[in-house]
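Structure record follows, encoded as structure tokens.
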Amino acid sequence: MQNKESFKFFLGLAFLGLGTWKIYERFILNKDISNLQLAGSIFLVTLGLYRAFEYFKHKKTNT
């Protein structure tokens, strides 16, 4: 069970990093990306934060 939770956590970190990078490109580097990519990036950041929250909530209840 611990491996599954760790995998979800690191996958969430990857989602968070990818989404943050695309948002950074759009607003800081002023690159032109489509609205669909921007919406997908926001979704990835939200999903990454959710996965991290769930991991720490699960870890806290087990200790």
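Could you list all residues from the stretch 47-58 that are touching a Lys or Arg at 6+ places or on another chain (Cβ under 8 Å) and surrounded by 15 or more Cβ atoms within 10 Å (Cβ to Cβ)? It would help to see each step written out before you state the result.
Residues of the stretch 47-58 that are touching a Lys or Arg at 6+ places or on another chain (Cβ under 8 Å), as a first pass: 51, 54-55.
Arg51, Tyr55, listed by residue number.
Can you go through Leu18, Leu44 and tell me which one is touching a Leu at 6+ places or on another chain (Cβ under 6 Å), surrounded by 16 or more Cβ atoms within 10 Å (Cβ to Cβ) and of a type in the set (A, V, I, L, M, F, W, C)?
Criteria check complete, one pass: Leu44.
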Being at pLDDT 90 or above, on the phi > 0 side of the Ramachandran plot and loosely packed, with under 13 Cβ neighbours inside 10 Å is the requirement here; does Asn30 meet it? yes
If Gly12 passes every condition in (1) of a type outside the set (A, V, I, L, M); (2) out of contact with any Phe, Trp or Tyr (no Cβ under 8 Å at 6 or more places or on another chain); (3) surrounded by 12 or more Cβ atoms within 10 Å (Cβ to Cβ) but one, which one does it miss? (2)
List the number of the failed condition for Thr61; all other conditions in (1) surrounded by 13 or more Cβ atoms within 10 Å (Cβ to Cβ); (2) assigned to a helix (DSSP H, G or I) hold. (1)
Starting from the stretch 25-43, keep only residues that are free of Cβ contacts under 8 Å to residues at least 12 places away in the same chain and under 22 Å from Leu13 (Cα atoms), then list their pairs with residues that are assigned to a loop (DSSP other than H, G, I, E, B) and among the polar types (S, T, N, Q) whose Cβ atoms are within a distance under 8 Å, requiring at least 6 positions of separation or different chains. none
Within the stretch 1-20, the residues that are touching a residue at least 12 places away in the same chain (Cβ under 8 Å) and within 13 Å of the chain's Cα centre (by Cα) are Lys8, Phe9, Leu11, Gly12, Leu13, Ala14, Phe15, Leu16, Gly17, Leu18, Gly19, Thr20
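The values are calculated or read from the model by the stated rules, or taken from the named source; none is laboratory data. All figures in this text were calculated on a predicted structure; none of them were measured in a lab. We place every Cβ from the backbone using ideal geometry, glycine too, and count neighbours over all the protein chains shown.
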